[in-house]
Structure formats: C-alpha cells, structure tokens
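Here's the structure we're looking at; comments come further down.
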Ligand code: PMM
C-alpha cells in the first residue's frame, strides 16, 4: 500500500480526527463523497442464514436492525444490509425472499437515521430497499445485470462496482490471472464504461477490488499491496477484508488448519489500519468499534506526519552503531524510512 488512493484533500483537524464516534463528521446519504480526511467505516449486517461470518446471527429483522443501530452508535458511517450470501458455493435465494429479509431491516435503520446501503445484485431488491430508505446500492456482481444498472441510473443512487468473475458457483475456478492487479483494474475500467453507458453518473460510482471474489489468497495480498494502481480509475475505493479466508490461511493453528472465522478479528483490524493509511474511501467490516479506533489511530498518525515541523534529527549514538531501541525509533520517526507513502 504505497500511495494514497482516495481523492480526498482534507486533513483531520488534529490527532485522532474529530469527534468520533457518532460525531458531526459523519455525513448522511447525500454527503457520501464529501471529503472527510479519513476512511469511512461501513458496518455489515447480513440478514442471511448462511453468510460465511455472521450468517444466522440474527433471528429476526428486529435483531438485525438492533445490530445495525449498534454499529451506527459505535461510529459506522454506513451500514450495509444484505439478504443473500455471496460465499463460494452458496445457493441463490429467490428475489422475493431476499427482499423479505432485507427491506424491514433497511426500513428500520433508515427510520433511525442510519445511512444504509443495500448489498444486492437484483433490481427488484434494490428498488424495494431504495424505497425503504437505502441510499447506496452495493453490487457484488461486477455490474452483471442491465436491469439493476437501469434501476440505479433511474433513481440516481450511488453505486458500488465490485470486481468479480462468474458467480458463487464458479468464481473459484475463474481465479486465474497473469497479473492480477492490472487485470482487475482493467476489468473494472471496462465495467465502469458499461455502468456509465447505462446512465449511472461516473461521480456516483465507488469501485472495489472484490477481495476474495474469484481471487486466491495470493491475489488478495497483491491487490492490497498495490491499491495505488486503482487511482487510475478516478473513483473512491471500498475494500472488504473483514474475517475473510485469506486471513484465516495466513494464521493457521498448530494443526495447520486455517484460523476460524470468529478468531480473525485482530487480523482484520490490522488490514483496516493499512487500508486507512493507504487512503481508501471506506472499509467494510463486521466489527465496527475497533475499525473506528483503527481509523482514528491512522488519522492521528497522518496528522503528525503532515505537520510542517521536520522529522526529529537522529541523535548521535554513543557507540557509533546505536542500539536497537534508538534504531527503531529513528525508523518510525523518519517518513522516508516508513513502508507506507508520505503524504
Ligand atoms: N464482501 C462480501 C459481501 N459483500 N461487498 C463489497 N462491496 N465488497 C466486499 O468485499 C464484499 C461485499 C462477503 O462478505 P460477507 O459475507 O461477510 O458480507
């Protein structure tokens, strides 16, 4: 993650950003693209029996709504409500059933003043969710359905264009790339043309590399390491790493088995910090409160880096070679020595 990837020019007012969580820097639906000088946090509410992480967590729309409101209270900028699992191998849900799962949750959250997005690939579900108060359509299909695009264009809604190949039945077999970063960027650029040709204004589109969608763990890491390549698309970037299997594979247990979903939260927050430092528009997470904290930490770090004062001079060492602690503090104080971009 070597360069800022958002198009935001503002900087936070001071270390830690402003008054998070739930403060006045949290914009409503019409303000989704207002520069905040920080990464937004999108909380996930999957009203599904079978999503890989939180599937089956909520028995009723009221429970899902309560969870969404708790995310909002914890400082989420958006809450993304989905009614169909997208995990590889998941079977498709009837659109009427998907709407039955999603719409009451969207309606309850919107009534409570929460900025809601709907995670769907279907025009009928998106229409019902927008009617119920959703302000953003999050389409993991990669703009596969012209009907959905026409609906989003007609409503003038902001739209997330996520990269994927195929569907949940065949996406794993399609995870074959020569150069995953440039192929994903090029494929998103091609789909962006389809989206705008369908009448969706380019300035309403968010792009997403689709971590875990038709990608191996190696592909995911390469994409995360080269998000700066996505700036050529000229659109804000949303990234969803939360609890995904590439984190489980990175952190196997003593038996070699991937770390289970429920124990991937700390690793998720490490990716949140990296993504915020890279300047993405938003991260999509199951656990909002630690993500909000991670974003605040990065805001403080970025603010300190952008202060006019030069980096502290290196102290002459007593023995010429220095000791470990001195070397470590010098490396972290010197912007040129860090791994992540200078602003
Ligand atoms: N990942 C999932 C579902 N929807 N939407 C976007 N834009 N980006 C993602 O990475 C993404 C998504 C799968 O995760 P989940 O089943 O926990 O929601």
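Laboratory data are not the source of any read-out in this text; all were calculated from the coordinates shown. Quick caveat: nothing in here was measured; it's all calculated off a predicted structure. So basically every Cβ, Gly included, is an ideal-geometry build from the backbone, and we count neighbours across all protein chains shown.
Rundown of residues vs (1) away from the ligand (no atom under 16 Å from the Cβ); (2) under 19 Å from the mean Cα position of the chain (by Cα); (3) buried (at least 23 other Cβ atoms within 10 Å of the Cβ), yes/no style:
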{"site": "177", "(1), (2), (3)": "yes, no, no"}
{"site": "195", "(1), (2), (3)": "no, no, yes"}
{"site": "207", "(1), (2), (3)": "no, yes, yes"}
{"site": "228", "(1), (2), (3)": "yes, yes, no"}
{"site": "238", "(1), (2), (3)": "no, yes, yes"}
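For residue 151, the test of being crowded, with 20+ Cβ neighbours inside 10 Å and either within 16 Å of the ligand (Cβ to nearest atom) or under 26 Å from residue 280 (Cα atoms) (or both) is failed. Restricting 295, 280 to residues that are in contact with a helix residue (DSSP H, G or I) (Cβ under 8 Å, 6 or more places away or on another chain) and more than 16 Å from the ligand (Cβ to nearest atom) narrows the list to 295.
Look at segment 194-219: where a residue is free of Cβ contacts under 8 Å to residues at least 40 places away in the same chain and under 21 Å from residue 245 (Cα atoms) and a partner is in a helix (DSSP H, G or I) and more than 8 Å from the ligand (Cβ to nearest atom), sitting 6+ places away or on another chain with Cβ atoms under 7 Å, you get 211/220; 211/223; 212/220; 212/245; 212/246; 217/246; 217/249.
Scanning segment 78-111 for residues that are away from the ligand (no atom under 15 Å from the Cβ), more than 19 Å from residue 59 (Cα to Cα) and within 23 Å of the chain's Cα centre (by Cα) yields a single hit, 110.
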